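Novice: Okay, here's the structure, questions in a sec.
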Amino acid sequence: MQAKPLDLLIIKPGSQKILYGDLSRTLSALEPPLWAALLAAFVRDAGFSVKIIDMEIGPDSLLPILREESPRLAAIAVSGTNPSASTMNMIGARAVLGSIRRSNASIATILMGLHPSALPERTLKEEPVDMVCQGEGFHTLTDILSGRANKGIKGLWYRDGDRIKSSPMAELADPDKLPSPAFDLLPMPSYRAHNWHSWTNKSERQPYGVIYTSLGCPYNCSFCCINALFGVHKIRQRSPDLVIEDIACLVDNYGVKNIKIIDEMFAFKEAHVDKLCDLIVERGYDLNIWAYARVDTLTKGMVGKMKSSGINWLALGFESGSKKVRDGVTKGRFGNKEVLASVRMIRDAGIGIIGNFIFGLPNDDIDTMNETLEMAKELNCEYTNFYVCMAYPGSRLYGETDPAYLPESWEGYSQFGYETKPLPTKCLRPEEVLAFRDRAFIDFYGSRRYQDMMAARFGTKVQGEIKNMLEYKLARRLLSV
């Protein structure tokens, strides 16, 4: 008897080597694709067979599954876990679609995730794909697999002859009604944490897991595109009693200690954070966690609870050293005094800080970018990310930007790639912004104050890692002429 065809193959595209260059070999993380695992679990609970391929880990497994199991539907999940992680992965998504078409053109294909949700019509027109999902995709996938007519499926964009048709986005899922992620369908031993994350775990980067405690974000920063996947600016929190079971799965089944909380806004409601932290302490887990926070939502009590539960790192978006520049992108109501106070509070609790800064925001000039660099030096965070401003599809900034100033290819949206192309500001050309960013990175990480702080806190081995990191030279097309 011939085996029943696989109902759904979910594919996480792989393009890390192209987008990160040499950084992909050792410094960057290899993160389990949480959205793929969530979608797979939901579809499986609905009674359909499903598999996941992560092209970053197992690219050679795609063609055998296409040939041997002939899935009814192949879903390419172009979802990252931060604003800059989806659009640039369209490079890998296009390559996957080409492989499917060459191997078995009868397999139906659908693109889903943040970028396709932001540009559904354009995606359907430009890519060799049969359908596009706008929105989270849980009900859209099960409706397709159930055989419903396209016109009755919410969140679906499809072709009807020469016309493109669509339906309204599906209702948002209730996080408390979603099953736990299907980690069992992923090659969990292969994932690794960021190099800096492991500094509080004896530099042991594997195994590595991700969880979520909420979906969406209530804020409206003009450079952020995360809510294109949801269609609204709101936060939906998952019960801590369910989250702790997700953590238990990672700890008990895969021996995970390093965990990332992917929420865009973890430190939002103190009661939610406190309850989860208490549950982690009650279980006696020895974890090394990092999460996102905001200057204007943290409290001393919240930070203390976080540290007691193993949250050793908090990432904060300071963005700019100029309040005028921050106000121009609707980034919080805090000033530099509040920034300094929050950093002091986090440090006093013994938590490391990942400081995120953006050069080239719309109101930036050389003076304000220097203010940003000086703030980074003053804060002297244990790890600092320097980004350049881009108008990501789905962000308010994207709709406000003249298309002539956007990157010519999706690869141009990578922060660390050869084709990286920032936006110009009112005063600066893209190449000036990019050159400033790359110099700022060397200036900050090469400073004696930072290096001495790292040696004192983490030891000379980590200090040596920092020095090695400075040896990587990013190749930039804009700066090569």
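Novice: Please give the FRET efficiency for Ser106 paired with Ala341, using the beta carbon to beta carbon distance and R0 = 41 Å, rounded to the nearest 0.05.
Specialist: The computed FRET efficiency comes out at 0.10.
Novice: Applying the Karplus parametrisation 6.51 cos²θ - 1.76 cosθ + 1.60 with θ = phi - 60° to the phi angles of region 207-215, what ³J(HN,Hα) value in whole Hz is obtained for each residue in order, glycine and proline being reported as x?
Specialist: Per-residue couplings from phi come out as x, 9, x, 10, 9, 10, 10, 7, 10 Hz.
Novice: Among the listed pairs Lys377/Lys473; Lys426/Lys473; Lys12/Lys125, which have their C-alpha atoms separated by more than 24 angstrom in this model?
Specialist: Over 24 Å Cα-Cα: Lys426/Lys473.
Novice: Which of the cysteines in the chain are isolated, no other cysteine C-beta under 4.7 Å?
Specialist: That list is Cys133, Cys217, Cys225, Cys249, Cys277, Cys381, Cys389, Cys427.
Novice: Here's something else I'd like to know. Picking from Ala391, Gly231, Ile466, whose Cα lies most toward the positive end of the charge dipole for the chain (charges on Cβ: Lys, Arg +1; Asp, Glu -1)?
Specialist: Value: Ile466.
Novice: Reachable lysines from Lys275, Cα under 29 Å, same-chain residues fewer than 8 places away excluded?
Specialist: Filter leaves Lys177, Lys202, Lys234, Lys257, Lys260, Lys300, Lys305, Lys307, Lys331.
Novice: By its C-alpha gyration tensor, with a ≥ b ≥ c as the square roots of the eigenvalues, how is region 105-144 shaped: rounded for a/c under 1.5, else prolate for a/b larger than b/c, else oblate?
Specialist: In terms of gyration-tensor shape, oblate.
Novice: A follow-up question, please. What is the distance, in nm, between label points placed 7 Å from the Cα along the Cα-to-Cβ direction at Asp402 and at Met453?
Specialist: It is 4.0 nm.
Novice: Relative contact order (percent) for the chain, with alpha-carbon contacts under 8 angstrom and 6 or more residues of separation?
Specialist: The normalised contact order for the chain reaches 13 percent.
Novice: Still on this structure, I have one more. Starting from the amide H of Ile311, placed 1.01 Å from N in the peptide plane, find each other amide H under 5 Å away whose residue is 5 or more places distant or on another chain.
Specialist: Counting only residues 5 or more places away or on other chains, the set is Ile289.
Novice: Fewest first, what order do Ser447, Ser320, Ser309 take by the number of other Cβ atoms within 10 Å?
Specialist: With the fewest neighbours first, Ser447, Ser320, Ser309 line up as Ser447, Ser309, Ser320.
Novice: What is the log10 of I(q)/I(0) for the chain, computed with the Debye formula using one identical point scatterer on each Cα and no solvent, at q = 0.08, 0.11 Å⁻¹?
Specialist: -0.47, -0.92
Novice: Hey, another quick one. For region 192-469, what proportion of DSSP beta bridges, expressed in % and rounded to the nearest 5, is antiparallel?
Specialist: Once the DSSP bridges in region 192-469 are tallied, antiparallel ones form about 10 percent.
Novice: Have a look at the DSSP beta bridges in the chain and tell me what percent are antiparallel, nearest 5.
Specialist: So the antiparallel bridges amount to about 20 percent of the total.
Novice: Could you tell me which GluC sites (Glu not before Pro) in region 390-430 are loop residues by DSSP with no more than 13 other beta carbons within 10 angstrom of their beta carbon?
Specialist: Those that pass, being in a loop and sparsely packed, are Glu408.
Novice: Which one, Asn380, Ala267, Ile346, is farthest towards the positive end of the dipole of the chain when Lys and Arg carry +1 and Asp and Glu -1 on their Cβ?
Specialist: Asn380
Novice: Taking a ≥ b ≥ c as the square roots of the eigenvalues of the Cα gyration tensor of region 398-441, is the shape rounded (a/c under 1.5), prolate (a/b larger than b/c) or oblate?
Specialist: Oblate, because a/c is 1.5 or more while a/b does not exceed b/c.
Novice: Can you give the longest run of the chain that contains no trypsin sites (Lys or Arg not before Pro) sitting in a DSSP loop with at most 15 other Cβ atoms inside 10 Å?
Specialist: Between exposed loop sites, the widest span is 1-147.
Every number in this text was worked out from the coordinates using simple rules, so none of it is lab data. Predicted, not measured: the structure shown is a model, and the values here were computed from it. For neighbour counting, all protein chains shown are included, and Cβ atoms are generated from backbone atoms with ideal geometry for every residue, glycine included.
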